[in-house]
Amino acid sequence: MSRPAYLGKMHLHWCEACNVPVLGKKCGCGKNTKKVEVTPPGDIRPAFDYDINRINSISQKQFNTPLIPDGHLVVLNKAPYEDRMDEIVADGEVLASLRFEIESCEWVLLPRLEGARRIFQGRDKKDLKKWVVIEEAIVPFILKKGASVLAPGVLDADPSIQKEDEVVVLNPAGEVICCGRARMTGKEMREEQRGNAVKPRWNAEPEPQKVKPSGQSWDDAVKANEKILNVMIETSHAFIKNVAGSMDMKVSVSYSGGKDSLAVLQLVDDTLDDYEIMFADTGIEFPETLENVKKVAEYYGKNLKTASSGDSFWESIGVFGPPTMDTRWCCKICKLGPIARLIDENYEGGCLSFIGQRQYESHARYISKKIWRNPWVGNQVGASPIQEWTALHIWLYIFRTNAPYNPAYEKGYDRMGCWLCPSSSLADFFQLEESHPELAKQLNSHLLAYAEKMGLSPEWVKYGLWRYKRYPKVLQELAEKKGISLLPSQEAPKELHFEVATGYRPCKAGGMSADGSFGQAINIDTLEESGLLNPIGKVSFIEGAASVSFGESRAQVFASGNVNGRSENEKALKKLMRMVEFSVRRALLCQGCGVCVGHCKHGAIEMKEKGVKIKESCIHCGACIEVCPLVKFM
């Protein structure tokens, strides 16, 4: 389970009089608000109709009734989890969490106490599902000691309950006592005389449900937050004026089709007359994004400069394999390279780009400065006027100004960008099959072909395992349970071709990074047994990967054939990647000629039956690498 990340102030409050979310302690109506406790970082956002319908359909499936009544504003808070999980807030209460279960590939509703009260209290439980009724005598043990519900204390239970289902526990009067996960079936709860029936997650003394009057709109929420928004907007306007006035550069807005860059564009348009819109078409954008970019340029009446990578992604995936969270070669080829060319061709002397970056998005952006010089994209200075804004600040500003936002947000997506980004959740890829089946089919055909080439199963694709080089523990356990191999098949190669993604780029943690690929599986055991990475530097191995350090530089070689390198500067990084390529080539294709043995002044190389082996006495001088015929002549 991912841990909560504190990336800024927790803003969410609720006005009980107006029944709307407020991003501060006082509502526009003049009354004080109550704070809503959500999981950090607290980057709350509005729930669109699609989101509410999904919540209600899952609630209907699980409990036989919807959770959200008509006419109530709902906000969602993305909470840390192995995949995607949103906390659902309405009427100032956290009603439930909706999370995507990786193993079942389905959404599951986890009701909180207030959500459970709305589902069960005042209704006949026979019309509902997933309920457990317990004896009044055991209620104090649950509430005061946090005890589990034991089977002997169960009076009745919905017979449709299956083990691991989310259930609601009621007292004989039908009041909610706790919510949790079933540890046995409903039938077993009725019949067994021992064992845990339910593991409570939330418990509290019985209370009436807290449903407030309906009928609020997002216009009401904008009005309630007007003073708070005015302060944020004025601060951002001043920032834009000061930065633009202090730099002798042409001004652009880097627009992605997402809400954050749209808010920045609106803020800049409020403040400056002379600016242009810049868009990087990666070739893997949502169709809605491409249409929205055209609409936005027309709406603001500004010159649109587009950098397009065409079919570069699909031409490169056969070489590098699918991009992963660890090796996102796609960013270099499809985005940074085209943007660098666009700036070089259109902005002599460089440009100042206002960018939609916010601290609530990630730790890397939390620690980022508001103004920075991009060390890879030539002559570009980036500046973010919305660094301290939450997603709800952004949306309220967009609703207030009627800015033309991307309609893909109304189809269940909470972020825009490349539709096959490996940083997306597995839930997003299942969402893609529903919203854009033709795109999902295109991606899956490439992934399945790659899996077959590498000796990996279709399940490796289904569960989104292609997005990782270093698998999280939860996915390792899933793979073991399902019998899914995480390591490619490793046949002895007849020849090796190595390519590095164009554009060594600054990585999030600083320095430079590069991604390369041999285009086929690599036998990591052979690398370890031969010791032929040792001449580069200090080497370590884990299942399916090797890591080698060279001064301040580091590279990782994965069984898939991908190589990821990081260093302080481009020159050192290029040298490292070259040495890794040569060393892997030596290990896998060694002919046992012994040339390197005679060149080692330290006696650290010995002949073996099938080649050579580098001994532990190697001092990592690298002298043997360049003399190898595989390096000199291939």
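The values are calculated or read from the model by the stated rules, or taken from the named source; none is laboratory data. Everything numeric in this text was worked out from a predicted model, so none of it was measured. Don't worry about glycine lacking a Cβ; one is built from the backbone with ideal geometry, like all the others, and counts go over all protein chains shown. To get the accessible areas, we keep the full protein, side chains included, count just its heavy atoms, and leave off ligands, DNA and RNA. Shrake-Rupley method; radii C 1.70, N 1.55, O 1.52, S 1.80 Å.
Structure notes:
- At a probe radius of 1.4 angstrom, the accessible area of the chain per residue rounds to 45 square angstrom.
- Computed FRET value (nearest 0.05) for Glu192 with Asn569, which takes r as the C-beta separation and R₀ as 51 Å: 0.20
- Modelled spin labels at Val211 and Met325, positioned 7 Å past Cα toward Cβ, are 4.0 nm from each other.
- Degrees separating the helix 391-401 axis from the principal Cα axis of the chain, which is the longest one: 70 degrees
- In order through the stretch 66-77: 3J(HN,Hα) via Karplus (6.51 cos²θ - 1.76 cosθ + 1.60), integer Hz, x for Gly, Pro: x, 9, 9, x, 4, x, 10, 6, 10, 10, 10, 10
- Estimated at the nearest 10 Å², the accessible area of Leu336 is 40 Å² with a 1.4 Å probe.
- Cα lying deepest toward the dipole's positive end in the chain, options Val251, Ala546, Cys596, charges on Cβ: Cys596
- Once the Cα gyration tensor of the stretch 75-212 is diagonalised, semi-axes √(5λ) in Å: 24, 18, 13
- Principal semi-axes of the equivalent ellipsoid, √(5λ) from the alpha carbon gyration tensor of the stretch 530-578, are 18, 12, 9 Å from largest down.
- Two-decimal log10 I(q)/I(0) for the stretch 1-117, as the Debye equation yields it once each C-alpha is a single scatterer, q = 0.09, 0.15, 0.19 Å⁻¹: -0.24, -0.67, -1.03
- Surface accessible to a 1.4 Å probe, Ser312 within the full protein complex, Å²: 30 Å²
- Evaluated with a Cβ-only charge set (Lys, Arg +1; Asp, Glu -1), the chain carries a dipole of roughly 1520 debye about its Cα centre, given to the nearest 20.
- Helix axis angle, 473-482 relative to the chain longest principal axis, alpha carbon, degrees: 90 degrees
- Across the cross-link table entries Lys453/Lys571; Lys9/Lys574; Lys223/Lys370; Lys481/Lys538, which are compared at the Cα atoms, the separations over 32 Å belong to Lys453/Lys571; Lys9/Lys574; Lys481/Lys538.
- Mean-position separation - Cα centroids, the stretch 99-176 and the stretch 583-620, in angstrom: 65 Å
- Karplus-based coupling profile of the stretch 333-344, in residue order and whole Hz: 6, 9, 10, 5, x, x, 5, 4, 5, 4, 5, 4, with θ = phi - 60° in 6.51 cos²θ - 1.76 cosθ + 1.60 and x standing for Gly or Pro.
- Accessible area of the stretch 218-272 belonging to carbon and sulfur atoms, whole % at 1.4 Å probe: 48 percent
- Computed on protein heavy atoms with a 1.4 Å probe, the accessible areas place Asp248, Asp51 in the order Asp248, Asp51, largest first.
- Folded to 0 to 90 degrees: helix 570-589 orientation relative to the chain principal axis, Cα: 70 degrees
- Of the options [x] 37.1; [y] 32.6; [z] 30.9, only one is mean projected area of the Cα convex hull in nm² as computed from these coordinates, and that is [y].
- The listed residues Glu499, Glu291, Glu552, Glu166, once ranked by accessible area (1.4 Å probe) with the largest placed first, stand as Glu552, Glu291, Glu499, Glu166.
- Computed with a 1.4 Å probe on the full set of protein chains, the accessible area for Trp131 sits at about 20 Å².
- The alpha carbon convex hull volume per residue for the stretch 264-332 rounds to 111 Å³.
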